[in-house]
Amino acid sequence: MIKITDLEKVYRTDEVETVALNKLSIEVKEGEFVAVMGPSGCGKSTLLNILGLLDDPDSGSFIFNGIEVAKFNERKRADLRKRNIGFVFQSFNLIDELTVFENVELPLIYTGVKPGDRKKRVEEVLDKMQIMHRRNHYPQQLSGGQQQRVAVARAVVNKPKLILADEPTGNLDSSNGNEVMQMLTDLNEQGTTIVMVTHSEHDARYSHRIIRMLDGQTVLENIMV
Amino acid sequence: MIKNYFKVAFRNLWKNKGYSAINIFGLAAGLATCLLITLFITDELSYDRHVKNADRIFRINSDIRFGGGDLHMTQTSDMMGPLLKKDYPQVEEYTRLYTNDGDKLIKKGNEFINESHVTNADSTFFSVFKLPAIGGDTKTALNEPNTVVVTESTAKKYFNDVNVVGKYIEVRNGETITPYKITAVIKDIRKESHFNFDFIFSMKNVDYQWGQLTSHNFITYLLLKPGTDYRAFEKNFTQYTNKYVLPYVQQFIRISSMDELKKSGNKLEYSLMPLTRIHLYSDYSFEITPPGSIQYVYIFSAVALFILLLACINFMNLSTARSAKRAKEVGIRKVLGTERRTLITQFLVESTITAGISLIIGLAICYLVLPLFNDIAAKSLSLKDLLGIQILPFLLLLPFVVGVLAGSYPALFLSRFRPIAVLKGTMSTGFKKSNLRNGLVIFQFATSILLIIGTIVVYNQLRYIQTKKLGFNKDQVLIIDRAYALNNNIAAFKNEVLAMQGVSSGTISSFLPVTNSSRSDNTFSKEAVMNTENGVDMQTWTVDYDYIRTMGMEIVKGRNFSKDYGADSNAILITETTSRLLGYDDPVGKRIYAPGNNPGDPSIVFPIIGVIKDFHFESLRQKLGPLCMRLGSQPGLASFKIDAANSANLIPQIEKRWKSLAPGMPFSYRFMSDSFDEMYRSEQRAGTIAVVFSVLAILIACLGLFGLATYMAEQRTKEIGVRKVLGASVSNIVFMLSGDFARLVLIGAVIAFPVAWFAMNKWLQDFAYRINIGWWIFIAAALITMLIALCTVVFQAVKAAVANPVKSLRTE
């Protein structure tokens, strides 16, 4: 599903040049659950942003679903992104002014789903995540675990082929964290490909495979059994 | 501590140069406008207040209606002053001015100079108006005929000296030259006065048929004794008319009482106007100087207040917008033990310093713009006037008031931040759905829309006036002033000008349908014996054979005056309105009558020979009154229809003819269209000022909006990032951000519409002929505001929308 080859990304400020990705090559197959680990600054987030089509690489190839997307422009990336990729963030990134229902509904609006269908699908996914009773609350009124469930609901409502999770349990206590990890595992078992960046060995154990990074390169791959 | 306040304040201003510039410039523009308007209003309100006993001086106004013609004027009969003083002990003194002789030609060296600021006055003038003298005794100065009092600068102009008492000036009237002895020199009359004379001649030189109780040709002032209630005193005017005017009128008209006159729809009423109200409240004809208008004083005061408010609102919005960036500073200060009070002081000091800088820049702008403003507002204000004691405390207080006002909201808002939340970065930025801020923005938009609607209405009304069918053609008519100076050469002059290339016709008459020309009214009746039912008071203009043609007027029935008819000397032309008032469908061939010259003489008969299509001879503020024309000689003005393309060549040629036919007499000319425009100068002025203020208000509002949009974008960076990750396109985001502002514009419009409709209808009431306020004006104003607001906002929205979401979502 994902095949990146010799990917390079360099951040430049006036004086400093930081190499975030250094000729990185990774492949992720459809249906896989991959964890990416490594110390701060090793390039995990940059990788995730490029995989999520939020950022473009300086050079190298990125084949997504058989299409070379490394040179896609903003509009094409956005189009591909909103139909195929769901995001889960460490800080949830829910919109404070919108209710639970409206937050989850957002991706459907941007992909042009009709209002009737939207309602049905949002309710379906809220039900599945067991936060239906909170549908009219605002994010500030929810606990961290509940907020992350809403965020996951939002990530999957569009039935994406790929979910990218950036330390999804980073702001949660262990029981809430486990709950979220279980949700991701369930999604994976239903066929969704998942790439998760994490600092937690415990969380990484939910995955099939761990990619360890250092200084913008893969240093090790562990296959989980 | 205080030093620290200032240090931090200046560093902050310097660090955010862009914000500071917008903030300071916005407030400076607001302050400058406010100062200009304050200067203007103070000046308007100060008229005649410097006169000693101003509270006891009153002018008599007359309201007369006789047979449809309304007279609403500053003049009374010559007898009114003396009779009131004789009968009522409350009258300490009266004085009269006679200005109907118009300009005077005064000799300086070998030439004559035309002086227009001249009057004849009673010897009591200086007992009522105690104008300071610098030479001579004003008490007795005008006791004798052939005496004159001049101002200081006039003395310098003619004699290069102020010690001129006892010297003579020469006044030319036709062929005769009369010497006048200067008996006193007074200080120049202050510009904040409703009269502006340079020469005050003795009343004894006025050639007048004294004792006419129904001819109103004198401006009469009364000095009432202290403690007299002028409203109560006015009631005596009824007694006066019954005692003196009624017996006089009965000589001409069959009438038994003044009530009978009133019942038939006519009136003869007098009232008193306090001296200090004349400039702003008078809507009477024949004011000595063009009056101001209290309405404009109110409007401009409101505008000044609005603009200052707008500027303050901006200041608040911009400061709050910046607060997110300063939250960390507040947090650290709080952790270090700073009290909330100290923080509030810090922010207030900052805003006061900003306001202070704005004031300095505002003063500079004011100074630079003042000449332009003087030009538009027809004033001669100077920044020195600001130092006049009245406004000085206000000026000194202003930066503090504005500082506290504008700084209080951000001060209170910023100091409320909880330090831990701020430092950990988990602070809910809040303030997003502030009703107050939305209220302020709506207020700004409502004001802008109001001003735009006002401007459009004023401009449309002015254009309507300019293009309305007037019934005459004001274009390409050259008017030569003081044609009487040509004396017997006048016919020769007319013929020689007519012979020039590009001159198609010409007429000699003092009466023109524009300002600066003569007016005269007479009462005519349908039957030989006049009563209150059959009389019509109408403008009676003396014209020559070529008048109708030169003015481009139209005869709709009958014929024009013609040399082919020998008996036209008593023939009369009337307008359609006159015909209607007389009750004639076809007046041609009918007759009207005027009383004989002396009581007991038989009536004079005037056969009507034609009807002129109605033409507007007064400002369109007034309803068209009745008018008739007679053949005769009134050689005040010579008007020529010329080919405008030739005017550059023609005028020197005409001047050359003038010089040879009227040697030593000043030549001056004007175009009729300019004189026409002059009638609407005050509206034009208001229109221009309205445009300037609207632009300013919109500019200031936009500055604020720009800041707000920046703030909004900043506040919503995270949200925008999330939305983009979820698939929102740039246009989605821009639409969302702009939509919020568009909604505020719409609410502002809803508030502004009824206010604007009410206010502009009230303004239009002043015009007898006016436009309707079309709905499109409202839509246009709202659209213009919307467009400007969106242009301002979209810039920020696009910037926010195209930013890489990755940056805004990074939380590590």
Cα pair distances of region B:524-635 binned at 5 Å [whole percent]: 2, 12, 22, 25, 20, 13, 5, 1, 0
From phi via Karplus (6.51, -1.76, 1.60), per-residue ³J(HN,Hα) for region B:624-634 in Hz, x at Gly/Pro: 5, x, x, 8, 9, 10, 10, 7, x, 10, 9
Assigned charges on the beta-carbon of Lys, Arg, Asp, Glu; the protein assembly as shown dipole about Cα centre (debye): 1900
Calculated FRET value between B:F795 and B:F735, using beta carbons and R₀ = 22 Å, to 0.05: 0.90
Candidate aspartates and glutamates - alpha carbon under 18 Å from B:K384, same-chain residues fewer than 8 apart omitted: B:D43, B:E44, B:E192, B:D375
Amide N proximity, region B:274-313 versus B:K130 label position 7 Å along Cα-to-Cβ, cut-off under 17 Å: B:275-276
Simple label model, 7 Å out from Cα along Cβ direction - B:R463 to B:Y168, nm: 6.0
Stokes-Einstein D for region A:142-225, Kirkwood Rh over Cα pairs, 20 °C, 1.002 mPa s (µm²/s): 158
Cross-link partners of A:K119 among lysines (Cα-Cα below 26 Å; sequence separation of 8 or more within a chain): A:K82, A:K128, A:K159, A:K161, B:K718, B:K724
Volume in Å³ per residue [convex hull over Cα atoms, computed for region B:512-580]: 120
Radius of gyration and Dmax over the Cα atoms of region B:491-530, both given in Å: 16.9, 51
Evaluated at q = 0.12 Å⁻¹: base-10 log I(q)/I(0), Debye formula over Cα of chain A: -0.65
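Beyond 27 Å between alpha-carbons counts as too far, so tell me which of B:K85/B:K267; A:K3/A:K114; B:K107/B:K191 fall in that bin.
Listed pairs above 27 Å: A:K3/A:K114.
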Residue-span extension gain [B:T289 to B:S215] - 0.36 nm each, minus C-alpha spacing: 24.4 nm
Positive dipole terminus of the protein assembly as shown, leading residue within B:C628, A:L187, A:G177 (C-beta point charges): A:G177
Within chain B, helix-based [θ] at 222 nm, where runs of 4 or more DSSP H residues each add -39,500 (n - 2.57), nearest 500: -15500 deg cm²/dmol
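Please work out how many pairs of lysine residues in region B:591-667 are eight or more positions apart (or on different chains) and have Cα atoms closer than 25 angstrom.
Final tally of qualifying lysine pairs is 4.
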10 Å binning of all Cα-Cα separations within region B:213-254, expressed as whole percents from 0 upward: 22, 43, 28, 7, 0
Radius ratio Rg over Rh of the protein assembly as shown, counting only Cα atoms, Kirkwood formula for Rh: 1.17
B:I360 versus A:E15: modelled label distance in nm, points set 7 Å from Cα along the beta carbon direction: 3.4
A:S25 paired with B:K225, simple spin-label distance in nm, labels 7 Å along Cα-to-beta-carbon: 11.9
HN-Hα J in Hz across region B:10-24 - Karplus 6.51, -1.76, 1.60, θ = phi - 60°, x for Gly and Pro: 5, 5, 5, 4, 5, 5, 10, 4, x, 4, 4, 4, 4, 4, 5
Inverse mean reciprocal Cα-Cα distance (Kirkwood Rh) of region B:123-270, Å: 18.5
Cα Rg, Dmax (largest Cα-Cα span) when computed across region A:47-86, Å: 9.1, 25
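With the Cα gyration tensor of region B:711-812 in hand, convert its eigenvalues to equivalent ellipsoid semi-axes via √(5λ) and list them largest first in whole Å.
So the equivalent ellipsoid measures 42, 11, 9 Å along its semi-axes.
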In sequence order, calculated HN-Hα J values of region B:203-215 (Karplus, 6.51, -1.76, 1.60; Hz; x Gly/Pro): 5, 5, 8, 7, 8, 8, 7, 5, x, 8, 6, 10, 9
Bins of 10 Å, starting at 0 and running to the largest distance - Cα pair percent for chain B: 2, 11, 16, 19, 17, 12, 9, 7, 4, 1, 0, 0
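What whole-number volume per residue, in cubic angstrom, does the convex hull of the C-alpha atoms of region B:1-82 give?
It is 185 Å³ per residue.
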Amide H within-cut-off set for B:N173, under 5 Å, with H built and near neighbours excluded: B:T178
Rh (Kirkwood; distinct C-alpha pairs) - region B:250-377, Å: 21.5
Pairs from B:K130/B:K225; B:K167/B:K187; B:K104/B:K494; B:K494/B:K563 whose Cα-Cα separation, in the structure shown, is over 19 Å: B:K104/B:K494
Distant-in-sequence amide H partners of B:D614 (H built 1.01 Å from N, under 5 Å): B:E576, B:T577
Around A:N158: net Lys/Arg minus Asp/Glu count, Cβ-Cβ under 13 Å: +4
Antiparallel DSSP beta bridges within chain A, as percent of all bridges there, nearest 5: 55
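No value in this document is a laboratory result; all are computed from the given coordinates. The structure displayed is predicted, hence computed values, not measured ones. Please note: Cβ atoms are built from the backbone with ideal geometry, for glycine as well, and neighbour counts cover all protein chains shown.
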